[in-house]
Amino acid sequence: QVQLVESGGGLVQPGGSLRLSCRASGFTFNSYGLGWYGQAPGKERKLVARINIGGSANYPDDVQGRFTISRDNAKNTVYLQMNSLKPEDTAVYYCQTVVQGYVYWGQGTQVTVSS
């Protein structure tokens, strides 16, 4: 079965960096795109980065230039490098993929940006 397991969250000061990882299993990793979503307390889950099978990425305006998504097909892992973090980036971050029409989510990893 499809599984997505995130790691790498934590507490970081404003302006700091974190790298999130999402290890995938149960599907042909290099045949599917993946995304990272963030959900702040009391808010809807929203896309922060997406990468396709060719490695092309796109980002919403509020993280463009600060976040970078990448994938390592040999390790079945997708990463999210988060730089210049702001308090408003505080959220649970989820990895997501769509396989044969079904949407799969990981369990999430908490990122807290605070001094």
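The values are calculated or read from the model by the stated rules, or taken from the named source; none is laboratory data. Being a predicted model, the structure only gives us computed values, none of them experimental. A quick note on method: Cβ atoms are made from the backbone with ideal geometry, for glycine too, and the neighbour counts reach across all protein chains shown. For accessibility, only protein heavy atoms count, side chains too; no ligands or nucleic acids. Shrake-Rupley method; radii C 1.70, N 1.55, O 1.52, S 1.80 Å.
So here's what we get for this one:
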item: Additional length obtainable on full extension of the chain from Val98 to Asn73, 0.36 nm per residue less Cα span; result: 7.4 nm
item: Residue-span extension gain [Gln13 to Ser25] - 0.36 nm each, minus C-alpha spacing; result: 1.1 nm
item: Residue among Pro14, Tyr93, Ser115 farthest towards the positive dipole end of the chain, charges placed on Cβ; result: Tyr93
item: Å² per residue, accessible surface of the chain at 1.4 Å; result: 54 Å²
item: Cα pair distances in segment 73-113, grouped into 10 Å bins until the bin that holds the longest one, percent each; result: 23, 45, 27, 5
item: Of all accessible heavy-atom area on the chain, the percent that carbon and sulfur account for (1.4 Å); result: 45 percent
item: Cα point-scatterer Debye curve for segment 1-65, base-10 log of I(q)/I(0) at q = 0.12, 0.13, 0.14 Å⁻¹; result: -0.39, -0.45, -0.53
item: Antiparallel DSSP beta bridges within the chain, percent to nearest 5; result: 90 percent
item: Relative contact order (%) - criterion: Cα under 8 Å, at least six apart; region: segment 1-102; result: 34 percent
